[in-house]
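Structure first, commentary second.
No value in this document is a laboratory result; all are computed from the given coordinates. Because the structure is a prediction, the values reported are computed rather than measured. Cβ atoms come from the backbone with ideal geometry, glycine included; neighbour counts cover every protein chain shown.
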Amino acid sequence: MAQTIKLYTTEHLELVNITAEIQKHLTESKIKNGLVNVFTPHATTGIIINEDEPGLKQDIINKLRELVPQRAGYQHDRIDDNAHSHMLMVNNVFNAFATPAGLFLKLLEVVALPSLPG
């Protein structure tokens, strides 16, 4: 059973917590045991699992900005000036178990979608 989560971001780089949306779809599906696959097909997004702590989220954003700065002489920039967005360097897929209690994550963990404008 496939479901779609639509997101609209407002910042140049942000982490969007999508855990509640995934849990909502899982609950509505009435699946009690199985595997949940979360996939983002967009080239300028990804999926990460981590704590939803503001300082940690800002640290992740800062590190991504440091690793892939804007306008750093990338060849792709000659096309549409967003090469840094395509080099997000995080996975685009996440798998977790569905249990009777819901999505199986460790305490404090959330599913977050880092997004850069494409």
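The modelled label-to-label distance for the pair Asn33/Leu108, using points 7 Å beyond Cα in the direction of Cβ, is 3.1 nm.
Please give the FRET efficiency for His76 paired with Thr9, using the beta carbon to beta carbon distance and R0 = 22 Å, rounded to the nearest 0.05. About 0.60, to the nearest 0.05. Each residue of region 24-38 was assigned a 3J(HN,Hα) from its phi angle through the Karplus curve 6.51 cos²θ - 1.76 cosθ + 1.60 (θ = phi - 60°); the sequence is 4, 5, 5, 5, 5, 6, 6, 6, 9, 9, x, 10, 9, 10, 10 Hz, with glycine and proline shown as x. Measuring from label point to label point, each 7 Å out along Cα→Cβ, what is the Val16 to Asn91 span in nm? That separation, rounded to one decimal, is 2.0 nm. Cross-linked pairs Lys57/Lys106; Lys24/Lys63; Lys24/Lys106: Cα-Cα separations exceed 20 Å for Lys24/Lys63.
One equal scatterer on each Cα of the chain, no solvent, Debye formula: the resulting log10 I(q)/I(0) at q = 0.10, 0.13, 0.18 Å⁻¹ is -0.34, -0.55, -0.94.
Residues whose amide H lies under 5 Å from that of His12, counting only those 5 or more places away or on a different chain, are absent; hydrogens are built 1.01 Å from N in the peptide plane. In a reduced charge model with +1 at each Lys and Arg Cβ and -1 at each Asp and Glu Cβ, region 64-118 shows a dipole moment near 100 debye about its Cα centre.
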